[in-house]
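Novice: Following this message is one structure expressed as structure tokens.
Each reported figure results from applying straightforward, stated rules to the coordinates on display, with no laboratory input. Everything numeric here is computed off the predicted structure, so don't read it as measured data. Counting neighbours? That spans all protein chains shown, and the Cβs are built from the backbone with ideal geometry, glycine included.
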Amino acid sequence: MVGMVVLIHPTIDPRACSPPLGLLTMAACLERTGFLVRVIDCQVEILSLSEVLALDPLCIGIYASTPTFPKAIEIVKEIRAFASVPIVMGGPHPSFLDREILEAVPELDYIIRFESEEAMVHLVKDLQNHQLSRTIPNLTYRVGDVVCRTDLAPPLKPLDELPFPARHLVDMSKYPAVTGGAFITSRGCSYKCAFCASTFFHRELRARSPEKVLIEIEDSCSRYGLRFITFFDDLFAFNRERTIDLCTRLQEADLALQWGCETRIDTVDPELLKIMYDAGCRYIFFGTESGQETTLKTIGKRLRTQAVHDVVKAARDQGITVKTSLMIGLPTDTHDMVLRSIDFFQEIQPDYLAALIATPYPGTPIWTHPEKFDVVVIDHDLSHYDYKHVIMETSHLKAENIWDLYLETLAFNMEHSPLDLVR
Ligand code: B12
Ligand code: SF4
């Protein structure tokens, strides 16, 4: 008999949402192995518990980032109150806090840490055979009251061996046009910024071949009529040659497609920006974080403000809409330094400025070593970890200062008509 797996993506904020690509890639691997998969992306679909249980799944899998973790736990407890079906959780939050979570939540059976395609297929096969082997990688489980872990598998490669995300398992028409066309062409990053967990999550930067990426884009465009897509990679343009290769292919494919991406300031230059523009690039989000070089150094961002100035100008001159970010409440920032950062962004005139309150997400250096950064966490409600709440105070900035500076930065956006694309 073919087994069914239910995968749930909880949400706290359904605005500007996009299909959950990691979960859909895992779903595609399960389908490839012969399992039936039902994906419930709560951003666009709600299913009652009785409808979920009527599917009689072999197992229910739930994704959790830090802000969606409380919601994910609510779902776990609701299911467990009515059924004994095995429940597994994955995603960034449980990956970094697996032991603590399994110890605190007896209703949850398993956590798969980090990249989960291989482990999930293995686990579901074992559940179907009623025999759990200890060779499943990345697994955290319980034996009696004791929480145990298996070793991590090496990062998956080549990524081209993975199937494309199973977009057919969600209703693509329900996502907003501007964010629904989501793609990921690489995993990981080679930097270790103090507020970011990416490098620790993926461990190694790996990229898919431009050839395969283009096939996925062509296929999705023809199925779902996408006119604008976003590359959500951490560091889209990390390799100049590869970026040019993908741009050339996009241009030759002549899909009448416009696109956006997220990348670092120091991965592009005027020549590359022109190539990207000619291939349809109309939007870039640069994680700039601060206009102060000392702060950029403290957080390990390693950017020059002159480079930020030059690249923002070059991209806008090229006709690309530019969004930059300013993090409020970073270690070592004083009130005046943040005001000077706001001035800096006012001077360089990006089209949009994302105001983000610095947040110590699990897995990030600030979260792991708050003492090194001289910060104190003051809010432990994880649903507030959304860059919009004050979660920590620094040696120079108390909660009220951070909030006031945040409002001041938001005002910058008001003057520049905010289009809340993503983040
Ligand atoms: C792209 C991205 C987004 C996109 C998502 C696009 C999309 N449609 O998928 C957007 C912009 C929407 C987004 C939003 C947010 N993001 Co984000 N995002 C990323 C980024 C850069 C890449 C994620 C990705 O796709 N990776 C590739 C895939 C393969 O990985 P994955 O999705 O994690 O899935 C794998 C595993 O997690 C696991 N898995 C996934 N689902 C499930 C389910 C089960 C049952 C199991 C077992 C396993 C499993 O298997 C997958 C395949 O290997 C990561 C950084 C990173 N490199 O991971 C940050 C990252 C995940 N995001 C982060 C954050 C903080 C957020 C926000 C909270 C920010 C905010 N605005 O509040 C929101 C939360 C959204 C939510 N609903 O949870 C943090 C998470 C830290 C943490 N401890 O939670 C990260 C790590 C970046 C950082 N700042 O450190 N994000
Ligand atoms: S913030 Fe950007 S550059 Fe820094 S570690 Fe995260 S993904 Fe890499």
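Novice: Can you tell which of Met337, Thr324, Ile184 lies farthest toward the positive end of the dipole of the chain, using +1 and -1 charges on the Cβ of basic and acidic side chains (Lys, Arg; Asp, Glu)?
Specialist: Farthest towards the positive end: Ile184.
Novice: Tilt of helix 210-224 relative to the longest C-alpha principal axis of the chain, in degrees (0 to 90, nearest 10)?
Specialist: Once rounded, the angle reads 80 degrees.
Novice: Nearest 10 degrees, 0 to 90: what angle lies between the long axis of helix 69-82 and the longest principal axis of the chain (Cα atoms)?
Specialist: 10
Novice: Let me have the 222 nm mean residue ellipticity of the chain computed from DSSP H runs of 4+ only, each contributing -39500 (n - 2.57), with the sum over all residues rounded to the nearest 500.
Specialist: Result for the chain, helices only: -11000 deg cm²/dmol.
Novice: For the range 243-310, just say rounded, prolate or oblate: build the C-alpha gyration tensor, square-root its eigenvalues into a ≥ b ≥ c, call rounded for a/c under 1.5, and beyond that prolate if a/b exceeds b/c, oblate if not.
Specialist: Prolate.
Novice: Suppose R0 equals 35 Å; then what is the FRET efficiency for Lys297 and Lys398 from their Cβ-Cβ distance, rounded to the nearest 0.05? Kindly include the intermediate steps, with their values, before the conclusion.
Specialist: Working: r = 23 Å, r/R0 = 0.67.
After rounding to 0.05, the efficiency reads 0.90.
Novice: In addition: Rounded to the nearest 20 debye, what is the charge dipole size of the chain about its Cα centre when +1 sits on each Lys and Arg Cβ and -1 on each Asp and Glu Cβ?
Specialist: My answer is approximately 640 debye.
Novice: Which shape class, rounded, prolate or oblate, goes with the chain when its Cα gyration tensor gives a ≥ b ≥ c as root eigenvalues, a/c under 1.5 marks rounded, and past that a/b bigger than b/c marks prolate?
Specialist: oblate
Novice: Next question. Considering the dipole of the chain built from charges on the beta carbon (Lys and Arg +1, Asp and Glu -1) around the Cα centre, which of Val268, His369, Cys42 is farthest to its positive end?
Specialist: Towards the positive end, the residue furthest out is Val268.
Novice: Which distance in nm do the two modelled labels at Asp171 and Arg206 give, with both placed 7 Å along the Cα-to-Cβ direction?
Specialist: It works out to 3.5 nm between the two label points.
Novice: Compute all pairwise cysteine Cβ distances in the chain, then list the cysteines with no distance under 4.7 Å to another cysteine.
Specialist: Those would be Cys17, Cys29, Cys42, Cys59, Cys148, Cys189, Cys221, Cys247, Cys261, Cys281, since no other cysteine Cβ in the chain comes under 4.7 Å of theirs.
Novice: A follow-up question, please. Counting Lys and Arg as +1 and Asp and Glu as -1, what is the net charge of the other residues whose Cβ lies under 12 Å from the Cβ of His335?
Specialist: Taking every Cβ under 12 Å from that of His335, the sum is -3.
Novice: Could you give the angle, 0 to 90 degrees to the nearest 10, between helix 117-128's Cα long axis and the longest principal axis of the Cα atoms of the chain?
Specialist: For helix 117-128, the angle is close to 20 degrees.
Novice: Hey, another quick one. Run through the DSSP bridge list for the chain and note the antiparallel percent, rounded to the nearest 5.
Specialist: Values: 11 of 49 bridges.
Rounded to the nearest five, the antiparallel share is 20 percent.
Novice: Each residue of the range 250-255 in turn: what ³J(HN,Hα) in whole Hz from Karplus with 6.51, -1.76, 1.60 and θ = phi - 60°, glycine and Pro shown as x?
Specialist: Ordered by residue, 3J(HN,Hα) equals 4, 5, 5, 5, 6, 8 Hz.
Novice: Let me ask something additional. Which of rounded, prolate or oblate describes the range 4-149 when judged by the alpha-carbon gyration tensor and an a/c cut-off of 1.5?
Specialist: Judged from the Cα gyration tensor, the range 4-149 comes out rounded (a/c under 1.5).
Novice: Right, next: Taking H as built 1.01 Å from N, whose amide H comes closer than 5 Å to the amide H of Leu7, not counting residues under 5 places away?
Specialist: Answer set, sorted by chain and number: Arg38, Val39, Ile40, Gly61.
Novice: Moving on. Going through the cross-link list Lys274/Lys297; Lys192/Lys372; Lys77/Lys388; Lys192/Lys301, which pairs have a Cα-Cα distance over 19 Å in this structure?
Specialist: Lys274/Lys297; Lys77/Lys388
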